[in-house]
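K.L.:
Quick one: the structure is below, and I'll ask about it shortly.
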Amino acid sequence: MNISVLPVALFAVAGSLLAPALPTKTQDAAELQFPQASPAGKFEQRVGLTDFSVEYSRPGVKGRKIFGGLQPYGEIWRTGANTATKLSFSGDIKFGGSAVPAGSYALLTIPGEKEWTVILNKVEGQWGAYAYDEKQDQLRIKVKPVALAESVETMTIGLGDLRDDSATLEIVWDKTRVPVKIETDLVKTMVSKIEAAMAGDGKKPYFPAAMFYFEHNLDLKKSVTWIDAAIKENPTALWIIYRKGLILEKQGDKAGAIAAATQSLELAKKAEPALAEEYTRLNQQLIARCK
């Protein structure tokens, strides 16, 4: 063995162990990330007892002319970027007045200057609208767009005007807002469940049932009966007694409403300051309306 070359060999081995490995071009490319031109977004909202979600990519205006320019009028649009926008809901609904069963759909549109066509298509998950098949439409509705005074840079889809049984789907981008009324069959479902609960042997949901009937203009006689039962269970609950006054006011019994408000006012005197202040004001307003 040639001893003279041994130190050099050892140094070469040691150097290979100590020196950091240089990343390959393949590794660099795999790890390098770039921002998306149209970031992915997801919106979730419960309406009554129905869960809604919207999954879409959100393009920006970026100084461009959008409708009638980037997106021509009269042409099918994915309603966003990348994969067609996906709209899901857990219960049957009415979409723009038309019945739609629970499920997930591609939300597609055909923009127009004075009228848009809004489409729910059964093929969710399709890329863009390139393979769009009209035969797979669940429904089509016509919607009038609303002009906005200020431009909205990033396309936004959400649910507004929330009620127990309805909401408005809003597609907003640049200076255009496209609203679609959504309705759920909450009242029919809840009435059936409330009546079953009241007929059963378990604990009765007197207060929430009374308020549901009150808020949805249902049987006010039942509402009064149930709120009386709730007060019997909790006779010092000034907020329940105040709401009995609201039910009686809607029923047209002004004297009864004043009596309930007066009783709630007396209880407010013994309540903690914030609660006392709120219900003193509310009861005084109720009394003033009924005089």
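The values are calculated or read from the model by the stated rules, or taken from the named source; none is laboratory data. Keep in mind it's a predicted model, so treat the numbers as computed, not measured. Note: ideal-geometry Cβ built from the backbone for every residue, glycine included; neighbour counts use all protein chains shown. The protein model used for the area step is the full one, side chains on, heavy atoms only, and it has no ligands, DNA or RNA in it. Shrake-Rupley method; radii C 1.70, N 1.55, O 1.52, S 1.80 Å.
K.L.:
Find out how many positive minus negative residues lie around A147, taking Lys and Arg as positive, Asp and Glu as negative, among other residues whose Cβ is under 11 Å from that of A147. Mind dumping the intermediate values first?
P.N.:
Details: positive: K114, K144, K175, R177; negative: E113, E150, D174.
Residues near A147 contribute +1 overall.
K.L.:
Please give the contour-minus-distance gain from S90 to D185: 0.36 nm per residue of separation, less the Cα-Cα distance, rounded to one decimal in nm.
P.N.:
Numbers: separation 95, 0.36 × 95 = 34.20 nm, distance 1.22 nm.
Working it through step by step, the gained length comes to 33.0 nm.
K.L.:
Largest first and to the nearest Å, give the Cα extent of region 163-291 along each principal axis.
P.N.:
Dimensions of region 163-291 along the principal axes of its Cα atoms: 53, 42, 29 Å.
K.L.:
Also: Using a 7 Å offset from the Cα along the Cα-to-Cβ direction at both K269 and Q284, what is the distance between the two label points in nm, to one decimal?
P.N.:
In this crude spin-label approximation the distance works out to 1.5 nm.
K.L.:
Still on this structure: Give the Rg (one decimal place) followed by the Dmax (whole number) of region 115-158, computed from C-alpha coordinates and expressed in Å.
P.N.:
Here Rg and the maximum Cα pair distance are 13.5, 37 Å.
K.L.:
Moving to a separate point now. Taking a cut-off of 17 Å between Cα atoms, list the lysines near K122, but don't count ones fewer than 8 places away on the same chain.
P.N.:
K86, K94, K135
K.L.:
Compare the Cα positions of A196, A149, T168 along the charge dipole of region 131-219 (+1 at Cβ of Lys, Arg; -1 at Cβ of Asp, Glu; about the Cα centre) and return the one farthest towards the positive end.
P.N.:
Looking along the dipole axis, the top candidate is A196.
K.L.:
How large is ³J(HN,Hα), in whole Hz, for each residue of region 151-156 in order, when computed from phi with the Karplus curve 6.51 cos²θ - 1.76 cosθ + 1.60 and θ = phi - 60°, using x for Gly and Pro?
P.N.:
Running phi through 6.51 cos²θ - 1.76 cosθ + 1.60 with θ = phi - 60° gives 6, 9, 5, 9, 4, 9 Hz.
K.L.:
Quick check: net charge around K114, other residues with Cβ under 15 Å of its Cβ, Lys/Arg +1 and Asp/Glu -1? Intermediate results must be reported in sequence, preceding the final value.
P.N.:
Numbers: positive: K142, K144, K175, R177; negative: E113, E115.
Result for the neighbourhood of K114: +2.
K.L.:
Let me ask another. Short version: ³J(HN,Hα) in whole Hz for each residue of region 118-124, in order, from phi by Karplus 6.51 cos²θ - 1.76 cosθ + 1.60 (θ = phi - 60°), x for Gly and Pro, what are they?
P.N.:
Each residue of region 118-124 in turn: 10, 10, 10, 10, 5, 8, 7 Hz.
K.L.:
With every protein chain kept in the model, how would you rank R243, R289 by accessible area, 1.4 Å probe, largest at the top? Please list the in-between numbers first.
P.N.:
On the way: R243 65, R289 120 Å².
Ranked from most to least accessible, the order is R289, R243.
K.L.:
Could you state the orientation-averaged shadow area of the convex hull built on the Cα atoms of region 52-140, in nm² to one decimal?
P.N.:
Its average projected convex-hull area is 5.9 nm².
K.L.:
Can you list the HN-Hα couplings for region 46-59, worked out from phi with the Karplus curve (6.51, -1.76, 1.60; θ = phi - 60°), rounded to whole Hz and with x for Gly and Pro?
P.N.:
3J(HN,Hα) across region 46-59, in whole Hz: 9, 10, x, 10, 10, 8, 10, 9, 10, 10, 7, 9, 10, x.
K.L.:
Starting from 0.36 nm per residue, how many nanometres of slack lie between A197 and A237 once their C-alpha separation is accounted for? Can you show the working numbers first?
P.N.:
Working: separation 40, 0.36 × 40 = 14.40 nm, distance 2.27 nm.
The A197-A237 span can extend by a further 12.1 nm.
K.L.:
Let me ask something else. Based on the Cβ-Cβ distance of S98 and S53, what FRET efficiency does E = 1/(1 + (r/R0)^6) give at R0 = 22 Å, to the nearest 0.05?
P.N.:
Working: r = 20 Å, r/R0 = 0.92.
Calculated value: 0.65.
K.L.:
Which of the GluC sites (Glu not before Pro) found in region 21-125 are loop residues per DSSP with 14 or fewer other Cβ atoms within 10 Å of their Cβ? If you can, show how the numbers build up before the last one.
P.N.:
Numbers: sites: E31, E44, E55, E75, E113, E115, E124; in loops: E75, E113, E115, E124.
Taking region 21-125 and a limit of 14 other Cβ atoms within 10 Å, the loop GluC sites (Glu not before Pro) found are E75, E113, E115.
K.L.:
Also: Could you work out the local net charge near R46, counting Lys and Arg as +1, Asp and Glu as -1, over the other residues with Cβ closer than 14 Å to its Cβ? Don't jump to the answer; show the numbers that get you there.
P.N.:
On the way: positive: R163; negative: E44, D51, D164, D165.
Neighbour charge sum, excluding R46 itself: -3.
K.L.:
Let me ask something else. Averaged per residue, what accessible area in Å² does the chain show with a 1.4 Å probe, protein chains only?
P.N.:
Ligands and nucleic acids excluded, the figure is 58 Å² per residue.
K.L.:
In addition: Going by accessible area, probe 1.4 Å, with all protein chains left in place, what is the ranking of R46, R58, largest first? Please report the intermediate quantities before stating the final value.
P.N.:
Details: R46 125, R58 75 Å².
So, going from the largest accessible area down, we get R46, R58.
K.L.:
Run the numbers on region 66-120 and let me know its relative contact order in percent, using alpha-carbon pairs under 8 Å that are six or more apart. Please report the intermediate quantities before stating the final value.
P.N.:
Working: 85 pairs, mean separation 20.1, N = 55.
Rounded, it is 37 percent for region 66-120.
K.L.:
Let me ask something else. Give the separation of the Cα centroids, region 228-248 to region 109-138, in Å.
P.N.:
Each part's Cα centre sits 51 Å from the other's.
K.L.:
Counting only DSSP beta bridges with both residues in the chain, tell me the antiparallel percent, nearest 5. Please list the in-between numbers first.
P.N.:
Details: 53 of 54 bridges.
Here the share of antiparallel DSSP bridges comes out near 100 percent.
K.L.:
Relative to the compact globular guide of 2.2 N^0.38 Å, what is the alpha carbon radius of gyration of the chain, as a ratio?
P.N.:
Numbers: Rg = 31.1 Å, N = 291, 2.2 N^0.38 = 19.0 Å.
Against the empirical 2.2 N^0.38 Å value, I get 1.64 for the chain.
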